[in-house]
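The values are calculated or read from the model by the stated rules, or taken from the named source; none is laboratory data. The shown structure was predicted, so the numbers you read here are calculated from the model rather than taken from an experiment. Cβ placement follows ideal geometry from the backbone for every residue including glycine, while neighbour counts extend to all protein chains displayed. Note: accessible area is taken over every heavy atom of the protein model, side chains too, but ligands, DNA and RNA are not part of it. Shrake-Rupley method; radii C 1.70, N 1.55, O 1.52, S 1.80 Å.
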Amino acid sequence: MAIYHNGNKIISLYHKGKKIESVYHNGIKIYSSGLPIGTILWSGSKAFAINDPFGGGYDDFNNNFLVNKKITLSNAISKCQNGIVVNFSKAIYISSAGVGFDNSYSGNIHLPKSFSNGQIYAESGLTIRLIKSNDSTVYFNSTDEGNNSTFIGYKNYNDAYLYIDSITAY
């Protein structure tokens, strides 16, 4: 939401030296100093693994995975109005025969901007968490594979990873 003055968007409002976070008119929020809801902070459509079992020589793996990576967000989490949303669309399976997808793992998880260690996925004792390193850097943690991983277990005779589409502001 934005307020305009003489056709120019007002970036920040201050009153007596203090920043105004929100302005309401007749009970409706007409201004917020935070990022607009839905702002994309990271988009990649990738799964995360600690290492590449194919040694970097398998294109399907390299096109669908980030190996041992943290995510640097385009804006700080503290600038979001309420927090962030982690959006995922499927699980990706890897084996020596290649990669495959299972679309039954779609969803989104809302985490408040005060989170430090937010649960993204849980099944059969295995948990995927999003860990905040600092206000603009996050990483995934799998209880089975460790940091920088979205490993969700051994499914249908393959290693399975949660496929992350984006992280957005809410």
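So if the hydrodynamic radius of the chain is defined as the Kirkwood radius over C-alpha pairs, what does Stokes-Einstein give as its diffusion coefficient at 10 °C and 1.306 mPa s, in µm² per second? Before the final figure, lay out each step's value.
On the way: Rh = 17.6 Å.
The diffusion coefficient I find is 90 µm²/s.
If amide H atoms are built 1.01 Å from N in the plane of the peptide, which residues on other chains or at least 5 residues away come under 5 Å of the amide H of Tyr170?
HN-HN under 5 Å from Tyr170: Gly38, Gln81, Asn82, Gly83, Ile84, Val85.
Given a 10 angstrom Cα cut-off, can you work out which residue in Gly17, Gly146, Gly83 is the most mobile in a GNM of the chain?
For the chain, modelled as a Gaussian network with Cα springs under 10 Å, the answer is Gly17.
Restricting to Cα pairs below 8 Å that are 6+ residues apart, what does the relative contact order work out to for the range 35-119? Please round to a whole percent.
Relative CO of the range 35-119 lands at 26 percent.
At a threshold of 8 angstrom on Cα-Cα distance, excluding pairs fewer than six apart, so keeping six or more, what relative contact order does the chain reach in percent?
Averaging sequence separation for qualifying contacts and normalising by length gives 27 percent for the chain.
Calculate for the chain the 222 nm mean residue ellipticity that helices alone would give, adding -39,500 (n - 2.57) per DSSP H run of length 4 or more and normalising by residue count, nearest 500 deg cm²/dmol.
Working: 1 runs with 6 residues, N = 170.
It lands at -1000 deg cm²/dmol.
Taking amide hydrogens as modeled 1.01 Å from N in the peptide plane, which residues meet the under 5 Å criterion relative to Ser149, leaving out close sequence neighbours?
Distant-sequence amide H within range of Ser149: Phe140, Asn141, Ser142.
Quick check: pseudo-label points 7 Å beyond the Cα along Cα→Cβ at Asp59 and Ser33, how many nm apart are they?
5.0
Given the pairs Lys18/Lys46; Lys70/Lys155; Lys90/Lys113; Lys9/Lys70, which are separated by over 31 angstrom at their Cα positions?
From Lys18/Lys46; Lys70/Lys155; Lys90/Lys113; Lys9/Lys70, over 31 Å: Lys18/Lys46; Lys9/Lys70.
What residues qualify as long-range amide H neighbours of Thr127, i.e. H under 5 Å apart, gap of 5 or more or another chain, H built at 1.01 Å from N?
Thr143, Asp144
Once the piece of chain linking Asn26 and Phe101 is laid out straight, how much longer is it, given 0.36 nm per residue of separation minus the C-alpha distance between them?
Length difference between fully extended and current span is 22.1 nm.
Could you point to the residue in Phe54, Gly100, His25 farthest towards the positive end of the chain's charge dipole, with +1 and -1 charges on the Cβ of Lys/Arg and Asp/Glu respectively?
Going by the charge dipole, the pick is His25.
With a 1.4 Å probe and every protein chain left in place, work out the accessible area per residue of the range 39-169 in Å², rounded to a whole number.
About 45 Å² of surface per residue is accessible.
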